[in-house]
Amino acid sequence: MATEGGGKEMNEIKTQFTTREGLYKLLPHSEYSRPNRVPFNSQGSNPVRVSFVNLNDQSGNGDRLCFNVGRELYFYIYKGVRKAADLSKPIDKRIYKGTQPTCHDFNHLTATAESVSLLVGFSAGQVQLIDPIKKETSKLFNEERLIDKSRVTCVKWVPGSESLFLVAHSSGSMYLYNVEHTCGTTAPHYQLLKQGESFAVHTCKSKSTRNPLLKWTVGEGALNEFAFSPDGKFLACVSQDGFLRVFNFDSVELHGTMKSYFGGLLCVCWSPDGKYIVTGGEDDLVTVWSFVDCRVIARGHGHKSWVSVVAFDPYTTSVEEGDPMEFSGSDEDFQDLLHFGRDRANSTQSRLSKRNSTDSRPVSVTYRFGSVGQDTQLCLWDLTEDILFPHQPLSRARTHTNVMNATSPPAGSNGNSVTTPGNSVPPPLPRSNSLPHSAVSNAGSKSSVMDGAIASGVSKFATLSLHDRKERHHEKDHKRNHSMGHISSKSSDKLNLVTKTKTDPAKTLGTPLCPRMEDVPLLEPLICKKIAHERLTVLIFLEDCIVTACQEGFICTWGRPGKVPAEHFCRQEDRMQGVLQDQN
């Protein structure tokens, strides 16, 4: 970890860094931005966001990149570490008047070389469906702002669906849309479907089916981001009130909650196997939350300002083998868990595939995740065995992941850790860290479940029993802290009311909702590097590189160790020599 008081050296922009895998190097020729490459004046503008999609075309160069800068939206062929970016030839470019794009998401299920569906959310509340390949605008949702007038903070396609998408607003509401339905010419009227602690869900009352299909009101203040679990069954939401709330998406049940140390939560992501959730926010911390145990298991301190993005790296994993001991899982459990790090873990998988039921040495997996913040720093973190299984004695009070000995047996390795009770390990994430490939097979069932929920309305959900859910939570503190209100099937005057209870931060501190700093392990970053002049807004892990972006509108590619072609380094050396000659 970088030391304080480094003076000029601390403020220097880094162009490379080293981890246990090797050297990560910034590739200047692979930088994307506006065609003029002029830094964008970001005062008062919305964060720069980046979305990826792979079109699976025959050329072998099917990656496409979308990013917003101010009022502009760009769509490029992404050449990654292979070739230099050609900014003079965007596939599509749009400039908007009176509003700014704030977020966007590709539909990976329907993308082809001839057509791609891209959702774009805007600062005035609208959502646009466009096809940047055909250069068409298909539909505009919430056009008259009758549904919500506040800024769109997050938009995503529902995993496994070709037509359903979810939109979050700074009003604290989320809406479920179907691209096939209209939004109507009048403001929607709602009927209460379900409510619980600090949330309510309504259906839209109308004679014919219209958007939105569902309205979620969650917490207090803006709903800053949401993320679907890798299997698409759960939804994690982070809000300005500082709460993480995790829902079962289909049954609309609250699974668990967590409170930030202070301030709002700004970002959230799932581990590739769906076992852990990481959040970041205004407390300058990254917080790791166990989905199974519904509790905070670690915090990470490395940023000096708000954390704007957190993301897991599904392509990096560390495997440690120890002395023989009993393991309760099967070889398939090992294979499934390690598959999310498929690029780096190919040799690992081949070793595991040779194992049989009589040869059961423990294997421990180290999760890698990253974060970027308004302090212009990139941090990488390793989540290790001694953090994941706290019932075993910690080897030290503060866990320094940056000095981890990858060759030694893990402290507190436990064979039972591999399988999740009652859950199979979800499939690996695709290249874009968005929708799982296996979601295609579930497309019909997902759509039918959600459409069925709308069609049957309140009567279907009124038969659900919350006692079944509570019986599945064995620990008493889970019942106390995450209990839901009763399901109401009444359509009354209180349709828009949420059972909001003002939470006193002083009362939550020291509880399972928000443990004290000394009560959970404190991670230190593996690396912590200043990589930009302006605040960072994007962090995406791809198979052969890491992509970051800052508010000036520069999208940077960092080549992974061993993934950068030799000619890339030659071009960079030539470029540097030219700069030196000009200076002389």
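The values are calculated or read from the model by the stated rules, or taken from the named source; none is laboratory data. Bear in mind the structure is a predicted one, so any value in this text is a computation, not a measurement. As a convention, Cβ positions derive from the backbone with ideal geometry for all residues, glycine included, and neighbour counts pool all protein chains shown. Surface accessibility is based on the protein's heavy atoms, side chains included, excluding ligands, DNA and RNA. Shrake-Rupley method; radii C 1.70, N 1.55, O 1.52, S 1.80 Å.
Structural remarks
- Highest average first, the peptides 213-223, 521-531 ordered by how many other beta carbon atoms sit within 10 Å of their residues are 213-223, 521-531.
- Diffusion coefficient, µm² s⁻¹, Stokes-Einstein with Kirkwood Rh over alpha-carbon pairs of the range 160-313 at 4 °C and 1.567 mPa s: 80
- Computed from the C-beta positions of His533 and Asp293 and an R0 of 41 Å, the FRET efficiency is 0.50 to the nearest 0.05.
- Extension gain (nm, one decimal) between Asp519 and Thr112, 0.36 nm per residue minus Cα-Cα: 141.5 nm
- For the set Lys79/Lys156; Lys79/Lys134; Lys14/Lys134, the pairs lying more than 31 angstrom apart at their alpha carbons are Lys14/Lys134.
- Computed label-point distance, nm, for sites Glu31 and Gln191 using a 7 Å Cα→Cβ extension: 5.7
- At 1.567 mPa s and 4 °C, Stokes D of the range 102-221 from Kirkwood alpha-carbon radius, µm² per second: 88
- Per-residue ³J(HN,Hα) for the range 542-552, Karplus 6.51 cos²θ - 1.76 cosθ + 1.60, θ = phi - 60°, Hz, x for Gly and Pro: 10, 5, 10, 6, 10, 10, 10, 8, 10, 5, 6
- Per-peptide average of other Cβ atoms within 10 Å, ordering 297-305, 196-204, 112-120 highest first: 196-204, 297-305, 112-120
- A simple spin-label model places the labels of Thr182 and Ser206 0.8 nm from each other, with each point 7 Å out along Cα-to-Cβ.
- Averaged over residues, the count of other Cβ atoms within 10 Å places the peptides 380-386, 245-251 in the sequence 380-386, 245-251, highest first.
- Accessible surface, per residue, of the range 79-134 when the full set of protein chains is kept, probe 1.4 Å, Å²: 38
- Projected label points at Gln16 and Ser138, each 7 Å from Cα along the beta carbon direction, are separated by 4.4 nanometres.
- P(r) histogram, all alpha-carbon pairs of the range 116-178 included - 5 Å bins from 0, percent: 4, 19, 31, 24, 16, 6, 1
- The range 216-221 - phi-based ³J(HN,Hα) in whole Hz, Karplus 6.51/-1.76/1.60, Gly and Pro as x: 9, 10, 10, x, 10, x
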